[in-house]
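The values are calculated or read from the model by the stated rules, or taken from the named source; none is laboratory data. The model shown is predicted, which means the values in this text are computed figures rather than measured ones. Quick reminder, even Gly has a Cβ in these numbers, built from the backbone with ideal geometry, and neighbours come from all protein chains shown. For the accessible areas, the whole protein counts, side chains as well, though only heavy atoms, and no ligand, DNA or RNA atoms are used. Shrake-Rupley method; radii C 1.70, N 1.55, O 1.52, S 1.80 Å.
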Amino acid sequence: ELALLLEESFGVLIDDGDLAQVKKVAQLAALIEQGGSAAASVEIPVWPLEPGARRARALLQHLLLFPVHRLVARPFRVEGLEHLQGLATPALFIANHSSHVDTVSIIRALPAPLRARLAVAAAADYFFRVPSVGRLTSLLMNTFPFSREGAVRTSLEHCGRLTDQGWSVLIYPEGTRSATGKLLPFKLGVGLLAAELHVPVVPVAVFGGPAVLPKGRFLPRPGPLRVRFGAPIQVADGSTPTTLTLELRDQVAALLNISEEGT
């Protein structure tokens, strides 16, 4: 948010990573006087959006991904599909995150037309650290690398390009999996996206992940999984990223039936 404010006020582009190193006002002033520096970019592949990759993804999901998920999710329930009827797309889906089964659960729960035009923000420093893993997740789930720290501008701008092309985006605003299953604070980036994308925001709650595949475990243990979709949120003009971040967290918390005292 500070980088965007500086860009609007002084016309300079300052890398978020450079801002993270600033400890004194004098250092910030020096960056502004220097005109900033080129932002460190994250290489984001475009091949997962091509027609051939989309056809292969749909086939692999039905032949491989969803059958494996059925073995793990016993049973699997989906709630709130009525909120997706007539949804104006593209949309921004925001969900709690406590397990690696969350993304597959949400993708499987979505109606086919929404699933076919969904891109998933995945941690660049985790899933794309090993190129082969990044390519596999991109093929199966249409993931793209999203920077969780430092230079996040490239990731945020890519979300804008995706929605401009008609793709909905799934993002986990906590920025990491919750080790306890309790909802963590949301990163400010979700507020920035909601304020700038001008698309409906759909809150999503995923239940059962910590029991099936908690953080730190590699092999899942079959158990019940559930996905609940909330009513789309229309972001009011003039909403600030900070306020939106808090409001969106409240929406996801409400879906999870978690009181603020319990978080």
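Here are a few things to note about the model shown:
- Here the alpha carbons of the stretch 116-183 define both size measures, Rg and Dmax, at 12.3, 37 Å.
- Cα convex hull of the stretch 30-181 - mean projected area over all directions, nm²: 11.2
- Using only alpha carbons, the stretch 154-215 has a radius of gyration to Kirkwood radius ratio (Rg to Rh) of 1.02.
- In the stretch 199-245, Rg over Rh equals 1.20, where Rg is the alpha-carbon radius of gyration and Rh the Kirkwood radius from pairwise Cα distances.
- Gyration tensor (alpha-carbon) shape descriptor, the stretch 105-247, a/c threshold 1.5: rounded
- Fully extending the segment from VAL25 to ASP250, taken as 0.36 nm per residue of separation minus the present Cα-Cα distance, adds 77.6 nm.
- Cβ-defined net charge surrounding LEU184, 10 Å radius [Lys, Arg +1; Asp, Glu -1]: +3
- Each of (1) 51, 45, 32; (2) 88, 34, 34; (3) 59, 45, 38 is a candidate for Cα extents along the principal axes in Å; the one calculated from this structure is (3).
- Longest site-free stretch - the chain; sites: GluC sites (Glu not before Pro), DSSP loop, at most 15 other Cβ within 10 Å: 150-263
- Evaluated with a Cβ-only charge set (Lys, Arg +1; Asp, Glu -1), the chain carries a dipole of roughly 1620 debye about its Cα centre, given to the nearest 20.
- Inverse mean reciprocal Cα-Cα distance (Kirkwood Rh) of the stretch 170-263, Å: 14.3
- Cα gyration tensor category, rounded, prolate or oblate, for the stretch 70-115 with a/c compared to 1.5: prolate
- Accessible surface for the stretch 185-232, divided over its residues, is 42 Å² per residue with a 1.4 Å probe.
- With every protein chain in place, the chain: carbon and sulfur % of accessible area (1.4 Å): 59
- With all protein chains modelled, accessible area of VAL25 [1.4 Å, Å²]: 120
- Under-5 Å amide H pairs with VAL120, H placed in peptide plane, nonlocal only: THR143, PHE144, LEU170
- The relative contact order of the chain, computed from alpha carbon pairs under 8 Å that lie at least 6 residues apart in sequence, is 25 percent.
- Cleavage-rule hits, trypsin sites (Lys or Arg not before Pro), the stretch 183-224, DSSP coil, Cβ neighbours within 10 Å at most 16: LYS215, ARG217
- Estimated [θ] at 222 nm from DSSP helical runs (n ≥ 4, -39500 (n - 2.57)) normalised by residues in the chain, nearest 500: -11500 deg cm²/dmol
- Amide hydrogen neighbours beyond the local backbone of ARG77, cut-off 5 Å, H modeled: LEU225, ARG226, VAL227
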